[in-house]
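This report refers to the structure that appears directly beneath it.
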Amino acid sequence: MLCLSVAPAQVIRAPQALEAAGIAIARLGSRPLIVGGDRSLVAVQPRLKSVLEKQRLKFNQASYGRDCSEASLTALKQAVAAHKADLIIGVGGGKALDTAKLLAYQCGELPIVTIPTSAATCAAWTALSNVYSEDGAFLYDVSLSNCPNLLILDYELVQTAPKHTLVAGIGDAIAKWYEASVSSGHSEQTLVIAAVQQARVLRDILFQKSTAALQAPGSEVWREVVDATVLLAGVIGGLGGAQCRTVAAHAVHNGLTHLPIHGSIHGEKVSYGILVQLRLEEMVQGNQLAATARQQLLKFYTEIGLPQTLADLGLENITITQLKQAAEIALNPKSDIHRLPFKVVTEQLMAAMVSTTAPASSKDNINPITTNLVNEEVAQ
């Protein structure tokens, strides 16, 4: 039996959606606990407080810390119990919303409201939470029983986020096509076919509108791209299920989170991971369509500012030992990279990771030792 959680029960989206959502929030509970990051809580609290007070709701708030971690969840469960919360309101980026969703699920499946403060991911939509270590290393994901009860997409709030968060969201969203088409492109299941085709539509929307959107924050085209990254990207995972979500791009992201990367966020690592996946398809399969797609993406990345290399992610001094560590984690037995239609070994993945900008069909970088990576092993 395949159980799908396709969409939130209700979505409210508008430039001032938060002020319009009071009644919808009050229907879900009377004692909400607001969960978010320190900066998000400060940014949203004045507006949200007014909305909740107007509905006479007894609310409290708690910071999730830095990551959606087991320690953070333990502390937040105590906050839920102390406040006798009957509703969780998640405010912030992907990790804050993942924490709030998983907290609600673990506290007896309390109702959950998500309020994204950026368009960096589709976490506000999905029935999924990623769990990280205290140091930000990806550990595992948790499938939840349902999508949020209410998603409030306030364009004015999202517009206050730094520009690079939307750029990262574009990178995370566009990965849906490159991963879903590989993992599920030959499926005969109706909903999976629909999900893959929606991923293609999402890619085309982002190719056509991203540059104009980034040049005109708050405009109609900007809102369309925000809808694409926050809402439509979530639809694809909901319709297609787990088999239609992630392949190598997210696996590479997961491996990279175990390295000391400073300054890059989820969608930036995922967008780099797409190039790695396409490079693998070129090198292992000799796939010329993948070579063409990679060159197309490189041009698009240049236009909007997505990372293309390890150096772009702040890993210009990565050692071979670190590269191998990230590759081995990305290739762990439970990794989604194994949805690729061919087997990948560590050396192949390492080679792909250091040759994302190679000319189409180039096989010169098959051996990662030929790069300028230097560590004690090479010195010996």
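The values are calculated or read from the model by the stated rules, or taken from the named source; none is laboratory data. Fair warning: this is a prediction, and the values are worked out from it, not measured in the lab. Note that each Cβ is placed from the backbone with ideal geometry, even for glycine, and that neighbours are counted across all protein chains shown. Calculation scope for accessible area: heavy atoms of the full protein, side chains included, ligands and nucleic acids excluded. Shrake-Rupley method; radii C 1.70, N 1.55, O 1.52, S 1.80 Å.
Of everything in the range 317-334 that is part of a loop (DSSP other than H, G, I, E, B) and open to solvent by 80 Å² or more (accessible area, probe 1.4 Å), the residue that is farthest from residue 345 (Cα to Cα) is 317.
All conditions in (1) surrounded by fewer than 24 Cβ atoms within 10 Å (Cβ to Cβ); (2) under 30 Å from residue 74 (Cβ atoms); (3) among the polar types (S, T, N, Q) hold for residue 129, with the sole exception of (1). Of these, 134, 70, which one is in contact (Cβ under 8 Å) with a residue 24 or more places away in the chain, open to solvent by 30 Å² or more (accessible area, probe 1.4 Å), in contact with a helix residue (DSSP H, G or I) (Cβ under 8 Å, 6 or more places away or on another chain) and closer than 30 Å to residue 263 by Cβ? Testing whether each residue is in contact (Cβ under 8 Å) with a residue 24 or more places away in the chain, open to solvent by 30 Å² or more (accessible area, probe 1.4 Å), in contact with a helix residue (DSSP H, G or I) (Cβ under 8 Å, 6 or more places away or on another chain) and closer than 30 Å to residue 263 by Cβ leaves just 134.
A quick yes/no check of all residues on (1) among the aliphatic types (A, V, I, L, M); (2) in contact with a Lys or Arg (Cβ under 9 Å, 6 or more places away or on another chain):
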site: 19; (1), (2): no, yes
site: 26; (1), (2): yes, yes
site: 44; (1), (2): yes, no
site: 48; (1), (2): yes, no
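Of all residues in the range 32-50, those that are over 27 Å from the mean Cα position of the chain (by Cα) and crowded, with 19+ Cβ neighbours inside 10 Å total 0. Taking the range 298-312 as the range and being touching a residue at least 24 places away in the same chain (Cβ under 8 Å) and out of contact with any helix residue (DSSP H, G or I) (no Cβ under 6 Å at 6 or more places or on another chain) as the test, the residues that pass are 298, 300, 301, 309, 310, 312. Taking the range 107-126, which residues are more than 19 Å from residue 30 (Cα to Cα) and either surrounded by fewer than 24 Cβ atoms within 10 Å (Cβ to Cβ) or under 13 Å from the mean Cα position of the chain (by Cα) (or both)? Result: 116, 118, 119, 120, 121, 122, 123, 124, 125, 126. Taking the criterion of being at pLDDT below 95 and closer than 17 Å to residue 168 by Cβ, the residues of the range 296-326 that qualify are 314, 315.
Being at pLDDT 95 or above, assigned to a helix (DSSP H, G or I) and open to solvent by 30 Å² or more (accessible area, probe 1.4 Å) is not true of residue 176.
The rows are residues; the columns are (1) more than 22 Å from residue 8 (Cα to Cα); (2) more than 21 Å from the chain's Cα centre (by Cα).
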{"position": "62", "(1), (2)": "yes, yes"}
{"position": "66", "(1), (2)": "yes, no"}
{"position": "72", "(1), (2)": "yes, no"}
{"position": "75", "(1), (2)": "yes, yes"}
{"position": "82", "(1), (2)": "yes, yes"}
{"position": "85", "(1), (2)": "no, yes"}
{"position": "101", "(1), (2)": "no, no"}
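Out of curiosity, is residue 330 of a type in the set (A, V, I, L, M, F, W, C), under 15 Å from residue 277 (Cα atoms) and at pLDDT below 95? So residue 330 fails the test. All told, residue 141 meets the bar of being of a type in the set (D, E, K, R), in contact (Cβ under 8 Å) with a residue 12 or more places away in the chain, open to solvent by 10 Å² or more (accessible area, probe 1.4 Å) and under 20 Å from residue 269 (Cβ atoms).
Among the residues of the range 335-357, those that are outside any loop (DSSP other than H, G, I, E, B), in contact with an Asp or Glu (Cβ under 9 Å, 6 or more places away or on another chain) and open to solvent by 10 Å² or more (accessible area, probe 1.4 Å) comprise 336, 339, 346. Summed over the range 239-274, residues that are more than 21 Å from residue 129 (Cβ to Cβ) and crowded, with 23+ Cβ neighbours inside 10 Å total 4. Being in contact (Cβ under 8 Å) with a residue 40 or more places away in the chain, touching a Phe, Trp or Tyr at 6+ places or on another chain (Cβ under 9 Å) and within 20 Å of residue 230 (Cα to Cα) is true of residue 35. Within the range 15-31, the residues that satisfy the criterion of being out of contact with any Asp or Glu (no Cβ under 7 Å at 6 or more places or on another chain) and either open to solvent by 60 Å² or more (accessible area, probe 1.4 Å) or outside any loop (DSSP other than H, G, I, E, B) (or both) are 19, 20, 22, 23, 24, 25, 26, 27.
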